[in-house]
Every structure is written in C-alpha cells, then in structure tokens.
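The values are calculated or read from the model by the stated rules, or taken from the named source; none is laboratory data. If you're wondering where the values come from, they're calculated on a predicted model, not measured in any experiment. Cβ placement follows ideal geometry from the backbone for every residue including glycine, while neighbour counts extend to all protein chains displayed. Remember, those area values only see protein heavy atoms, side chains included, never the ligands or the DNA or RNA. Shrake-Rupley method; radii C 1.70, N 1.55, O 1.52, S 1.80 Å.
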Amino acid sequence: MWPLRFNAALARLGITFAAVFILVTGAASGALAAPQVGFRDFPYGSGLNHPPTTAKPESKTWWNDGAWWACLYNSKLKNYDIYRLDDQNWVDTGTPIDDRPNSSADALWDSSSSKLYVASHLYSNTGSSSSSSSNWARLYRFTYHSTSKVYSQDPGFPVYITKGKSETLVLTKDSTGRLWVTYVQSSKVMVNHSVSSDDTWGTPFVLPVSSSAASFKSDDVSSVISF
C-alpha cells in the first residue's frame, strides 16, 4: 500500500493516476481499505461518569506558539493536566488543572495577555445547586512562558464562579476584558461574570429574560455566541 502522505511530485500526476491506483489496489486486495483520516488518542480508563472530551459547547484545545495544547484527563493521576500535541501524540506537560476526576472544562486562550483561562465544573447530566464549595465550578488562570514552553498557575487561582454542578459550562471574554460564563442549573439558564478583575466574580443569576425563554429541559445546555 502507498503511504497516506503523497509528495508534491506524485500529487502532480493528477486524477488519472489516482483512478489507476484505486483500481490496482482494489484488484490486488479484493476490497478497498478504509482510509486513515485521523489518529487514535490515548484511553482515559474507566470510572468517570462521562467521556471527558465530549461536552457539546466546551473547547478542550487551543493554538499557541506554533502548537496545539489541550486540557486532557490523566487516567493514572486521575486529574486533568495541560497537554501539548507532539507529532500526533499528546504529551503531558505536568501542569495540573483540576484534581476532580468527574469534572469537565472549557478552555480559553487569550493571546493578547498570554493568559490561559480554564473554567472547570463537576459534571452532572441534570445541573443542580449545592451548598458545598467542593461541588462548585472553578476558574483557573495560567501564564505561558515561551522560553520554557510551560504554563504556570497564577497566584490567587482558582476562584469559584458558580454554586453547583452542571452538564456544561462555557467561558468567554468580552471586548472590555470582562469574563463571562453560562450554564444550566435547575432547568434555568444561569450567567455570571467577573467584576473588577479576573479573580473577583459576582453572584450567579438567572438569565434576565422571560421565564419561558430562560427555562430549559433538564438535559439542555447553554452557550455564548459573539456578534
């Protein structure tokens, strides 16, 4: 079989060569093999109450300094770390994020300040409030160091940004530098935002619209769209 990556000379041979190649390999093998369109990632083990990278509106990856980075689950340490993509392999950089195995996160990279924000929450298919701070969502902030190519957690973080569990939690920053999050809790669309700085937040509140517009089914999620 030919390798998946063709060089420029082969590519210039065009459609005719491609058609012949398909016919020849098909005749030789009796059936066409499925093309490789991606790379298998590492397993995350068992024991989690949700797949750690599948929440619909949350982003686990970001592009910075010529590389892809991600917030991924380390099944051996049972926590989430910052990983770097190196030749199709995710490499754990050793920088921890959330130590709660059943948490889920949304990552936001701000290139203008070289800051990485991660909003991490305990996953629950039906979001609910909690009186225990161990169940609240946290905001982590990291500074990127280009010389050593590592991230370090900023002093004063993490801080609490919600007061319960949720299925998803989406983070964004507006043009004034204010951070916002949205999520669904007790079938209501909830919102919160930073106040005077990244580490100072207000009290979460129900989206200030009509009751019918703010009310969701228990398995619905909310997100943020920029206009």
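In this structure, Leu139 does not satisfy being open to solvent by less than 20 Å² (accessible area, probe 1.4 Å), out of contact with any Pro (no Cβ under 9 Å at 6 or more places or on another chain) and touching a residue at least 24 places away in the same chain (Cβ under 8 Å).
Taking the condition of being assigned to a loop (DSSP other than H, G, I, E, B) and open to solvent by less than 50 Å² (accessible area, probe 1.4 Å), how many residues in segment 114-132 meet it?
Of the residues in segment 114-132, the ones assigned to a loop (DSSP other than H, G, I, E, B) are 114, 124-127, 130-132.
Filter once more, keeping what is open to solvent by less than 50 Å² (accessible area, probe 1.4 Å): 114, 124, 127, 130, 132.
So the answer is 5.
Consider segment 114-137 and keep the residues that are touching a Phe, Trp or Tyr at 6+ places or on another chain (Cβ under 6 Å) and modelled with pLDDT of 95 or more. The one that is nearest to Tyr73 (Cα to Cα) is Val118.
Kindly establish whether Tyr151 is over 20 Å from His193 (Cα atoms), touching a strand residue (DSSP E or B) at 6+ places or on another chain (Cβ under 6 Å), in a strand (DSSP E or B) and open to solvent by less than 20 Å² (accessible area, probe 1.4 Å).
Details: over 20 Å from His193 (Cα atoms): yes; touching a strand residue (DSSP E or B) at 6+ places or on another chain (Cβ under 6 Å): yes; in a strand (DSSP E or B): yes; open to solvent by less than 20 Å² (accessible area, probe 1.4 Å): yes.
For Tyr151, the condition - over 20 Å from His193 (Cα atoms), touching a strand residue (DSSP E or B) at 6+ places or on another chain (Cβ under 6 Å), in a strand (DSSP E or B) and open to solvent by less than 20 Å² (accessible area, probe 1.4 Å) - is met.
For every residue, the table says whether it meets (1) at pLDDT 95 or above; (2) closer than 25 Å to Val118 by Cβ; (3) touching a Lys or Arg at 6+ places or on another chain (Cβ under 7 Å).
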{"site": "Gln185", "(1), (2), (3)": "no, yes, no"}
{"site": "Ser194", "(1), (2), (3)": "yes, yes, yes"}
{"site": "Thr203", "(1), (2), (3)": "yes, yes, no"}
{"site": "Leu207", "(1), (2), (3)": "no, yes, no"}
{"site": "Ala214", "(1), (2), (3)": "no, no, yes"}
{"site": "Val221", "(1), (2), (3)": "no, yes, yes"}
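Within segment 154-171, count every residue that is open to solvent by 30 Å² or more (accessible area, probe 1.4 Å) and either in contact (Cβ under 8 Å) with a residue 12 or more places away in the chain or charged (D, E, K, R) (or both). Summing the residues that are open to solvent by 30 Å² or more (accessible area, probe 1.4 Å) and either in contact (Cβ under 8 Å) with a residue 12 or more places away in the chain or charged (D, E, K, R) (or both) in segment 154-171 gives 5. If only residues of segment 179-225 that are assigned to a loop (DSSP other than H, G, I, E, B) and under 20 Å from the mean Cα position of the chain (by Cα) are counted, the one that is farthest from Pro51 (Cα to Cα) is Asp198.
Here's the yes/no breakdown for (1) touching a Gly at 6+ places or on another chain (Cβ under 9 Å); (2) open to solvent by less than 60 Å² (accessible area, probe 1.4 Å):
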position: Val181; (1), (2): no, yes
position: Gln185; (1), (2): yes, yes
position: Val191; (1), (2): no, yes
position: Ser196; (1), (2): no, no
position: Gly202; (1), (2): no, yes
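The condition of being surrounded by fewer than 15 Cβ atoms within 10 Å (Cβ to Cβ), among the hydroxyl-bearing types (Ser, Thr, Tyr) and in a loop (DSSP other than H, G, I, E, B) holds for Thr176. Looking at segment 172-217, which of its residues are of a type outside the set (Gly, Ala, Ser), under 19 Å from Asp106 (Cβ atoms) and free of Cβ contacts under 8 Å to residues at least 12 places away in the same chain? The one that is of a type outside the set (Gly, Ala, Ser), under 19 Å from Asp106 (Cβ atoms) and free of Cβ contacts under 8 Å to residues at least 12 places away in the same chain: Asp174.
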